[in-house]
Each structure stands twice: as C-alpha cells, then as structure tokens.
Amino acid sequence: MTGLPGKNFLTALDHGRAATGERAENGGVVREFSEDRSSCQIRFSRLSADDADAVIEAEKALADKGGYELEWKLYTHDAPSDLAARLEAAGFVADDREQVLALPLDAETMAVFDTSAFDVRRVVDEEGLADYAEIAREIGRKNADSERRRLWACLQETPDVMSVHVAYVGSEPVAGGRVHYPEGAGYAELAGGRTKTTHRLRGMFTAVVGSRLAEVSARGLDLVFTDALPTSEPILAKRGFRTVVGTQPFVYTPSS
C-alpha cells in the first residue's frame, strides 16, 4: 500500500488520524475544524490517566471561548481505557457506536462495486448539494440545510479534500455520500452515506459506494476507511470491507 506505514490497517488509521489537522500543545491532541470553525473534531490524542482530565477540560474551555461544537472522536484502543467515562463525566454526550471498516482497492474490489447500471454523479455546485440535502430531509435529518451550507463552503475553499456523489432515478436524487481526502493520511474516508426510504434495497447504497471508490482509485490511492453503523456494516462486509476497530463520537456543546 503506497505511502502507508506497513500493511496493518490500525497502524495506517492512526497514522492518518495523527497527520491531519491542528496539533495542540498537550496530550497529543489533533483538532480538525470545519471551514467556518463552527465545529471541531478531535481526531487523535495521546493521553495518560494522569493528564486526561486536564486535557479534556482545556479543550472544553477552548470550545467555550471559540463558541464551537466539539466532537471527541473516540476509538476503542485509545488511552486511557476509561476515556469514554471521563468524557461523559465532563459533559460530553455519547453518540452512536460504529465500526471502522477498511477496504484495500484493487481490480477485484472494483468489480464488486460495478456502477454501470446506475446513474451516479459527482456533484460540484449548489444545485447538486441541494439534491444531497433533499435525501437527508427525506430520511429525517434535522441539519440538512446547515450541512448543505457547510459542504458548499468546503467545496469552494478546498475542493480537493472532499467530493459528494448522488445517485439519481430520472431527475430524482435518491442516494448519496461523500468521500474525504485527509491531508497526509495516505487514504480516503467514505462518509455521509444515505438512501431515501422509498429507494432502499435496490442497490443504490452500494452504487454510491462504488462511484466514490472509483474516484479514490483514479486519484491514485489504494485504501479507504469508513465508519459503519450496524445497518450498513453487513452490506459492506459482504463486499470485502474488514472490521478494524470500534469508534464512538462524544459531543460537547459550549456554554452560552
């Protein structure tokens, strides 16, 4: 796997987590901000039982001062072993648990994700992002419009770090997903997969995965990671994705 520190998926994942974003002075924390700095994700940390609580409080204080939502992306192998409990005790709210899956790309893999029978397009303008938001609203997402604005800002400012793909039936957008290219990571990340309730079990989800994988391969990368909920993990596992580690976001909303 070109550009990666060996063939171990977990090693590759941690390499990318640590390589991307802004580095803090303490705890090995690596932060990644949204384009408008309204939200921040802690992608990586190197904490001990001795310094964990102090680092958590320091990050909360920065979020309060900056007025941004703070998400701590916890992985099950992160230290200390009770970091989840420490985050909750500090006022972070746990979100859904997911599994990180990995897929090395080769000709055999790409054949599994054949998209020739589907109309999947990379969208690059506000109209296309409105289609992606339409899918989000149909499945009950409350933040579809704010997400659309955030994604548009990203496409304008840093178009090479993210792509959005949407599947259509006729003129109707029915499924979509994003692919991110973390700087210095050496791999791509699939995110934001969604399908309208009216078009599930028709291969749309898999087609959007395949379209993004084709783009990743065309850009010269040969490894992708994705966070999978229990609903999508079996679909991806049947097509060659391998489970790497568990992950769970913990979210802190700054005090007003």
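Things to note:
- In sequence order, region 143-160 has phi-based couplings of 10, 4, 6, 5, 5, 4, 5, 5, 5, 5, 4, 5, 5, 6, 7, 9, x, 7 Hz under the Karplus curve 6.51 cos²θ - 1.76 cosθ + 1.60, θ = phi - 60°, and Gly or Pro positions carry x.
- Expressed to the nearest 5 percent, the antiparallel share of DSSP beta bridges inside region 1-102 is 60 percent.
- Remark: the chain carries a charge dipole of roughly 600 debye about the Cα centre, counting +1 on each Lys and Arg Cβ and -1 on each Asp and Glu Cβ.
- Among Asp96, Asp119, Asp53, residue whose mean-square fluctuation peaks in a GNM of the chain (springs only between Cα atoms under 10 Å): Asp96
- By definition, a body whose alpha carbon gyration tensor gives a ≥ b ≥ c is prolate when a/c is 1.5 or more and a/b is larger than b/c, and region 15-162 fits this prolate description.
- Relative contact order (%) - criterion: Cα under 8 Å, at least six apart; region: region 106-221: 29 percent
- Each part gets one Cα centre, and for region 65-122 versus region 168-211 those centres are 15 Å apart.
- Rounded to the nearest 20, the size of the Cβ-charge dipole of region 106-221 about its Cα centre is 460 debye, with Lys and Arg at +1 and Asp and Glu at -1.
- Shape of the chain, Cα gyration tensor, a/c cut at 1.5: prolate
Here, each number is a calculation from the coordinates, and none is a lab measurement. Just so it is clear, the structure is predicted and the values come from calculations on it, not from any experiment. Heads up, the Cβs are rebuilt from the backbone with ideal geometry, glycines too, and the neighbour counts pull from every protein chain shown.
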